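Here is the structure we will look at.
Readers should treat all values here as calculations from the given coordinates under stated rules, not as data from a laboratory. Note that the structure is predicted; figures quoted are calculated from it, not measured. We place every Cβ from the backbone using ideal geometry, glycine too, and count neighbours over all the protein chains shown.
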Amino acid sequence: MTLPPGSTLGIIGGGQLGRMMSMAAAQLGYRCFIYAPEATGPAADVCAKWVQGDYADEKALAAFATSVDVVTFEFENVDPAPLRRIAENAPVYPPIEALEIGQDRIREKRFAADCNGRTADWAEVTSRADLEAAIAKIGVPAILKTTRFGYDGKGQARIMKPEEADAAWASLGDAGTLILEKMVRFAHEFSLLVARDQQGNITFWDAPENVHKEGILATSRVPADAKVIEQVPAARALARRIADRLDYVGVFAIEFFAGEDGPVFNEMAPRVHNSGHWTIEGALTSQFENHIRAVVGLPLGSTRLSAPEVEMRNLIGADADKWLEWASDPLTHLHLYGKHEARPGRKMGHITRLSGL
Ligand SMILES: Nc1ncnc2c1ncn2[C@@H]1O[C@H](COP(=O)(O)OP(=O)(O)OP(=O)(O)O)[C@@H](O)[C@H]1O
Ligand SMILES: [Mg+2]
């Protein structure tokens, strides 16, 4: 069903992704109501209404759902149970199952493998003895990670030598179920941004090559290195299987390592993604617009590039202080998220530069 312009979208989460979704929705004539636990946030400046409520407050979420025509989310770490209940009052896209899979690194790796994807070797770790056994089984270097609630490299400890197991255990041993992942050898990292509409049509943007610094995305650029481009068809085939299996509606991202013998699935995010921010100016239709289009039941727009080369750079912490410098370059698009306090490691905005025109 296609919702007519003037309809209201409910967005769970009020950060920068909600802000950019609301702006894309407004352009198409839709209004956004945001539901978030904070009193305000980056999306507050651009939405029609901000509802403060806890992510686990079923009653408040249900009331929110009755005030909107469709619900989507920008924040992944929401308890799926209350969302399932609100699905009785309003359609929820993307499917909640995608959220559940993306929330748990072990479930996610099993799902990717079921869809014929390759992942890093891994083992579940729930005790110090498990960690020893996992190191013996998969070897080092490896990374110990929390299975839930990780982001921007948080909840991770690298184990380069077996002797480092104690330190890794000391930092994460009390953080619930863990996963030990073999460190994948790769020359490049890339992601796929995928949009699927309510009829099951799928479209991809060019795959950005991503560089992470200290576990946080630093830059995304297209076109990616030739070694990445070679691996894109296999990665897309996996993404199609994942999207169809979940009957996905909306945009999602999969992060890959360009491994020595093909793409290695790292993780997926059932939402618009930081490595797709370049699409706002760098593609004919942005990830945000296509997400909104899918959620309201419109057909998808073209994902073709609008310039031969596009690069997005995150403004982390104090980087954003140079706003005047970025704004003074006519080919740089400056995006600031309206966050009042710059903390180290905090994403304050991003810049996108088109070139080769
Ligand atoms: N198994 C691995 N082998 C090699 N590098 C890895 C591995 N796991 C993680 N990394 C490196 O650490 C980065 C962050 O890891 P991961 O994507 O698991 O973290 P995250 O905290 O979920 O990040 P986000 O959700 O912000 O993408 C990866 O992009 C990659 O550079
Ligand atoms: Mg990641």
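Points worth noting:
- Counting only residues that are within 18 Å of residue 186 (Cβ to Cβ), within 15 Å of ligand 2 (Cβ to nearest atom) and not basic (Lys, Arg), the stretch 123-154 holds 2 of them.
- Residues within the stretch 121-155 that are within 11 Å of ligand 1 (Cβ to nearest atom) and out of contact with any helix residue (DSSP H, G or I) (no Cβ under 8 Å at 6 or more places or on another chain), tallied: 8
- Remark: residue 72 matches the filter, which requires a residue to be among the β-branched types (Val, Ile, Thr) and within 20 Å of the chain's Cα centre (by Cα).
- Matching entry among 301, 262 (being more than 16 Å from ligand 2 (Cβ to nearest atom) and at positive phi): 262
- Looking across the stretch 187-223 at every residue that is surrounded by 17 or more Cβ atoms within 10 Å (Cβ to Cβ) and aromatic (Phe, Trp, Tyr), the one that is nearest to residue 120 (Cα to Cα) is identified as 190.
- Where residue 88 falls short, out of the listed (1) surrounded by fewer than 17 Cβ atoms within 10 Å (Cβ to Cβ); (2) assigned to a helix (DSSP H, G or I): (2)
- Among the residues of the stretch 45-68, those identified as in contact (Cβ under 8 Å) with a residue 40 or more places away in the chain, surrounded by fewer than 20 Cβ atoms within 10 Å (Cβ to Cβ) and either assigned to a helix (DSSP H, G or I) or not aliphatic (A, V, I, L, M) (or both) are 45, 55, 67.
- Test: residue in the stretch 108-122 that is in a loop (DSSP other than H, G, I, E, B), over 28 Å from residue 213 (Cα atoms) and either more than 16 Å from ligand 2 (Cβ to nearest atom) or of a type in the set (D, E, K, R) (or both): yes
- Taking helices (runs of 4 or more DSSP H) as the structural unit, those lying wholly within the stretch 264-340 and holding at least 2 residues that are of a type outside the set (Asp, Glu) and surrounded by fewer than 18 Cβ atoms within 10 Å (Cβ to Cβ) correspond to 323-327.
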